[in-house]
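The values are calculated or read from the model by the stated rules, or taken from the named source; none is laboratory data. Computed from a prediction, not measured in an experiment: that's the story for all the values here. Positions of Cβ are backbone-derived with ideal geometry, glycine not excepted, and every protein chain shown enters the neighbour counts.
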Amino acid sequence: MAVSDIGEADLAMVIDGRKIADELIETVKLEAAKLKSSTGTTPGIAVVIVGEDPASQVYVRSKGNKAEECGFKSVTHTLPENTSQPDLLKLIADLNADNSIHGILVQLPLPDHIAEGEVIQAIAPEKDVDGFHFVNVGRLTTGEVEQAFVPCTPAGSMVLLRKALGKSDFSGMNAVVVGRSNIVGKPIASLLLASNATVTIAHSRTSDLPGLCRTADILVAAVGRPEMIKADWVKPGACIIDVGINRIDAPERGEGKKRLVGDVAYEECAKVAGSITPVPGGVGPMTIAMLMANTLTGACRAAGVEPPQF
Ligand code: NDP
């Protein structure tokens with residue numbers, strides 16, 4: 001069982017995203033080695049970053065390191081802040097044509113003078129490992145999940161849910177997703193629907209959000225508001241997936257110090273929920289693991305091999 005129990009009967013089971021992500025990476029490594037020995041194909045990922053944003057640089061470095069750990073070919077294109085859109089599109093076109101690259105990821109946000117949407121839509125759908133291209137969005141929302149690239153955070157959240165609930169069919173379960181963004185809320189809702197849950201998407205204009213959340217057997221928080229979801233919003237025994245990552249002041253750790261919290265008031269909600277993801281250590285580690293899984297899937301498809309299921 002890949003979910004750790006915190007050992008107190010009245011507290012929720014903690015869904016250990018770090019452990020589950022590590023297991024997933026082990027599977028990716030194994031399957032990548034098998035693909036290489038059977039077809040000669042080494043999965044390849046290209047990460048493109050424009051500008052000097054320090055947080056983005058950290059993300060890009062960790063993606064490159066993880067790809068190398070998985071035995072992938074990994075290339076990073078670091079372009080200056082003033083790169084023109086045509087030059088960026090030319091690089092994307094070259095990567096689309098490069099047979100050794102199976103996944104292309106453009107680190108967002110892009111500088112203001114570049115139209116993000118145009119860049120994302122220029123990535124070949126079969127290399128769009130972020131799952132943001134309209135073709136992949138369309139496949140996901142029409143239920144053709146097997147053919148789609150699913151965005152990494154939603155895909156990783158679903159892995160955690162399946163582990164926590166011990167099943168992949170959520171028939172008869174009510175799911176409430178708080179947040180309707182294109183990169184998190186909407187794709188998670190599509191995946192839950194594809195798993196037969198009855199899904200409600202809530203947002204900033206939803207009335208009686210606490211009451212709605214209390215109907216949820218599966219509660220997904222993707223809001224970006226620190227500890228917004230309280231214990232009395234939670235149905236006893238519910239499974240909570242907290243996607244939120246919020247940096248808040250932590251004076252108890254010293255002057256100017258910060259700490260990470262989710263969108264869920266963890267301590268109090270853990271007393272009501274059946275299972276819950278912590279922040280950090282829940283959904284976060286799954287995102288990068290799913291990026292590796294998507295790249296492997298792209299390489300398998302390119303080699304005409306059935307990709308593994310994650
Ligand atoms: P967005 O800002 O794009 O979307 C936030 C959503 O929350 C919107 O739909 C908004 O509603 C809704 N919302 C805002 N305030 C309220 C409120 N008071 N009540 C109900 N709904 C509200 O954020 P993202 O989807 O990009 O990210 C959400 C969170 O997930 C963030 O904390 C982000 O850092 C985190 N995240 C974590 C990742 C990971 O790897 N774990 C990856 C990606 C994101 P409306 O549409 O009406 O404005």
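A few notes on this one:
So that you can scan it fast, the table gives a plain yes or no per residue for (1) closer than 22 Å to ASN294 by Cα; (2) within 15 Å of the ligand (Cβ to nearest atom):
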residue: PRO151; (1), (2): yes, yes
residue: PRO154; (1), (2): yes, yes
residue: GLY172; (1), (2): no, no
residue: LYS186; (1), (2): yes, yes
residue: LEU193; (1), (2): yes, no
residue: ARG214; (1), (2): no, yes
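- Residue pairs whose Cβ atoms lie under 6 Å apart, sitting 6 or more positions apart in sequence or on different chains, and linking a residue in the stretch 224-250 that is touching a residue at least 24 places away in the same chain (Cβ under 8 Å) to a partner that is polar (S, T, N, Q) and surrounded by 24 or more Cβ atoms within 10 Å (Cβ to Cβ), are ILE241/SER157; ILE241/THR277; ASP242/THR277.
- Meets criteria (crowded, with 16+ Cβ neighbours inside 10 Å, in a loop (DSSP other than H, G, I, E, B), hydrophobic (A, V, I, L, M, F, W, C) and not assigned by TED's automatic domain parsing to the domain that holds LEU209) for ILE120: no
- Only one of the listed residues (GLY64, GLY103) is in contact (Cβ under 8 Å) with a residue 12 or more places away in the chain and in contact with a Gly (Cβ under 9 Å, 6 or more places away or on another chain). That residue is GLY103.
- Residue selected from the stretch 51-104 under the condition outside any helix (DSSP H, G or I) and β-branched (Val, Ile, Thr), by the criterion surrounded by the fewest Cβ atoms within 10 Å (Cβ to Cβ): THR78
- Some residue of the stretch 295-303 being in a loop (DSSP other than H, G, I, E, B) and of a type outside the set (Ser, Thr, Tyr): no
- When the stretch 156-170 is filtered for residues that are away from the ligand (no atom under 11 Å from the Cβ) and assigned to a helix (DSSP H, G or I), the ones remaining, listed by number, are MET158, VAL159, LEU161, ARG162, LYS163, ALA164, LEU165.
- Matching option when the condition is assigned to a strand (DSSP E or B) and either free of Cβ contacts under 8 Å to residues at least 12 places away in the same chain or not assigned by TED's automatic domain parsing to the domain that holds GLY156 (or both), among VAL48, VAL28: VAL48
- Scanning the stretch 174-184 for residues that are among the aliphatic types (A, V, I, L, M) and buried (at least 23 other Cβ atoms within 10 Å of the Cβ), we see that the one that is farthest from the ligand (Cβ to nearest atom) is ALA175.
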